[in-house]
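What follows is a set of notes on a single structure, which appears directly below.
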Amino acid sequence: MSWGTDLWDQFENLDKHTQWGIDFLERYAKFVKERLEIEQTYAKQLRSLVKKYCPKRSKDEEPRFTSCLSFNAILNELNDYAGQREVVAEEMGHKVYGELMRYSQDLKAERKHHLQEGRKTQQYLDQCWKHMDNSKKKFERECREAEKSQMMYDRLDNDINATKSEVEKAKSQLYLRQHMAEESKNEYAAQLQNFNSEQLKHFNVSIPQIFKNLQDMDERRTVKLGETYRSFAEVERRVIPIISKCLEGMVTAAKNVDERRDSDIVVESFKSGFNPPGEFPFEDFSQNIQRTGSDSTIGTPKSEGGKPDPKHAIGRTKNKLWLFGKKPKIPPTIPPPPRPSFPSGPFQSPKFPTERITNRLSEMKISKSKIQSFRAVRRGWSLRLAPTLEDLSHLPPEQRRKKLQQRIDELNKDLQKEMDQRDALNKMKDVYEKNPQMGDPGSLQPKISETICNMEKLRSEIHKNESWLAEVEGKHGSRSERRSSADVNHHAPHGRESPEGSYTDDQNQEHRSPPQPDPHEFDDEFDDDPLPAIGHCKALYSFDGSNEGTLVMNENEVLYIIEDDKGDGWTRVRKQSGEEGYVPTSYVEITLEKNSKGAVTYI
């Protein structure tokens with residue numbers, strides 16, 4: 001069906017319909033705009049969420065636990081997911097919303113042109129009809145005037161009283177009116193013929209063509225809506241594979257959580273290298289106590305009158321309290337007053353020294369028990385409150401070895417940079433010497449000297465740290481000897497050795513020395529030698545690497561990962577040929593080595 005033939009008389013309705021079609025197209029464009037704004041807001045909120053839970057940290061504060069690494073991987077995947085939502089919003093803005101708005105403007109201009117042509121055609125037809133109607137009315141009027149003139153002439157011609165001049169005048173008027181009526185008739189006929197032809201042309205040619213143009217415009221609008229509907233869905237469909245990769249990455253990160261590895265990292269992070277304290281031997285201090293009486297028990301001489309001797313009562317009380325590890329209430333350094341009724345005999349002479357020795361031993365027992373009780377606390381506080389020394393001797397042996405090794409690795413990296421800079425400066429100097437017009441070779445000498453000086457300083461630092469590391473590692477060979485000697489001394493009757501210090505045979509003096517545990521007790525369990533790669537990856541898409549610092553890669557190409565994504569969406573990789581650079585993280589499938597010694601560790 002055609003609008004030109006079937007709707008030839010529906011100009012006003014077609015005008016309203018085409019206007020409704022353009023309004024509907026603009027309404028859909030507004031819907032797309034609000035949708036892409038939602039996508040932009042969603043992506044922005046996702047990026048803010050990732051930034052909130054992935055703050056900037058220094059290298060020493062980066063997590064190493066697999067749960068933390070997996071969470072960071074999930075955050076990276078979520079950041080890539082947010083990027084895909086931004087891609088959806090951008091594609092909708094350019095390919096759907098922008099296209100709809102441009103097409104809407106074109107439709108408005110085209111519709112206005114077609115409607116103006118239709119109105120002009122209708123106005124011309126109305127003008128033709130008006131001319132025809134005017135000529136018709138004029139012909140009708142002239143005919144009536146001619147009839148009046150005919151009646152006037154007949155009346156005068158039949159009147160015998162009328163003069164000849166009157167009759168001739170009426171006759172002349174009759175001829176004039178008849179001539180004017182004939183002219184009006186011809187003009188009316190011409191205008192009628194012209195109107196009929198224009199009307200036929202209007203309803204069979206002009207209006208059908210205009211309405212056909214409007215129909216084509218409306219059909220194109222409908223087709224455009226269908227295309228934008230498809231584009232709206234295609235934009236979402238194109239990012240589904242990448243979003244699926246992001247979700248698969250999250251699932252892979254969840255599978256990489258290893259509770260045993262996390263437990264090993266805890267051990268590796270907090271292992272001190274000290275030995276657990278050994279058992280305390282029983283020390284018998286009652287050998288020097290005199291025993292009286294037939295029952296071989298501690299005697300309690302009585303004073304005159306059957307009253308107990310307060311001195312011996314106090315001594316017995318002290319002995320009982322000492323057996324239960326409690327400190328006597330009466331100070332042991334003040335001897336009790338002598339009894340006035342009994343002179344000092346030979347059997348009384350060792351009483352005061354024996355009690356003083358007993359009380360002194362009791363104090364030593366209490367002091368040693370306190371030392372043993374607060375050993376762990378004192379160790380912890382000594383590690384926290386100890387000043388940071390250059391040789392890291394304030395740290396436990398295992399932690400000291402790890403820190404020294406880490407410091408040596410960093411110094412070696414700095415040294416390598418300085419060596420590369422020196423080589424580059426030397427090459428530049430050679431170029432200047434061969435081509436003096438390019439520059440002065442002498443201007444590079446201060447920089448070369450400075451670089452060489454920095455290299456010497458770094459080598460000195462490396463040598464110094466390596467000597468400290470060798471000193472720590474050199475104690476590992478003598479550890480078994482110290483353990484065996486410690487076991488022998490542990491069973492000695494009057495001397496023992498413990499991780500806290502050593503006690504001599506002299507029971508009145510205590511000599512403490514700082515513990516010297518072996519820093520390499522667990523060297524076989526953990527190995528910190530760095531490796532060049534922390535994993536490998538497979539290219540999912542091709543990357544041109546046009547920017548500086550990026551690396552060209554082809555689809556399905558396998559690369560080595562030397563630096564993980566730090567939250568900026570880029571991963572540093574190395575080709576098998578040795579070429580290094582950065583590639584987008586979302587373009588590769590990453591597989592990290594769980595036990596890789598060169599892997600980037602997070603704390």
Given the candidates S135, A146, Q178, the one whose Cα lies deepest towards the positive end of the charge dipole of segment 134-207, counting +1 at each Lys or Arg C-beta and -1 at each Asp or Glu C-beta, is S135
Extension gain (nm, one decimal) between F282 and E593, 0.36 nm per residue minus Cα-Cα = 106.7 nm
State whether segment 172-251 is rounded, prolate or oblate according to the following rule on the C-alpha gyration tensor (a ≥ b ≥ c being the square roots of its eigenvalues): a/c under 1.5 gives rounded; otherwise a/b larger than b/c gives prolate, and the remaining case gives oblate.
-> prolate
Once you sort the root eigenvalues of the Cα gyration tensor of segment 156-216 as a ≥ b ≥ c, which label holds: rounded (a/c under 1.5), prolate (a/b larger than b/c) or oblate (the other case)?
-> prolate
Compute the distance in nm between two label points, each set 7 Å from the Cα along the Cα-to-Cβ direction, one at Q123 and one at E219.
-> 3.0
Along the three principal axes, how long is segment 27-118 when you take its alpha carbons, biggest first, rounded to the nearest angstrom?
-> 79, 18, 15
Across 5 Å bins from the origin, how do the percents of Cα pairs in segment 129-183 run, short distances first?
-> 4, 23, 21, 17, 13, 9, 6, 4, 2, 1
Estimated distance in nm for a label pair at E12 and I38, the labels positioned 7 Å out from Cα along Cα-to-Cβ | 4.1
Site Q421, offset 7 angstrom along Cα→Cβ, radius 15 Å on amide nitrogen, limited to segment 435-463, gives 444-459
With every protein chain kept in the model, how would you rank K224, K427 by accessible area, 1.4 Å probe, largest at the top?
-> K427, K224
In angstroms, what radius of gyration and Dmax does segment 68-222 have, counting Cα atoms only?
-> 37.4, 136
How many nm is it between the label spots at K51 and S269, if each spot is 7 Å from the Cα in line with the beta carbon?
-> 2.7
Rg/Rg_globular for segment 65-138, with Rg_globular taken as 2.2 N^0.38 Å and Rg from C-alpha atoms | 2.77
Spatial separation of Cα centroids for segment 219-252 and segment 400-479, in angstrom | 54
Length released on extending from N547 to F203, taking residue separation times 0.36 nm less the Cα-Cα span = 117.3 nm
Counting only the heavy atoms of the protein chains, how much of Y124 is accessible to a 1.4 Å probe, in Å² to the nearest 10?
-> 110
With I74 itself left out, Lys, Arg at +1 and Asp, Glu at -1 over residues whose Cβ is under 13 Å from its Cβ give -3
Once the piece of chain linking S460 and V257 is laid out straight, how much longer is it, given 0.36 nm per residue of separation minus the C-alpha distance between them?
-> 68.9 nm
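The values are calculated or read from the model by the stated rules, or taken from the named source; none is laboratory data. Owing to the predicted nature of the structure, the values given are computational and were not obtained by experimental measurement. Counting neighbours? That spans all protein chains shown, and the Cβs are built from the backbone with ideal geometry, glycine included. With ligands, DNA and RNA removed, areas are computed over all heavy atoms of the protein, side chains included. Shrake-Rupley method; radii C 1.70, N 1.55, O 1.52, S 1.80 Å.
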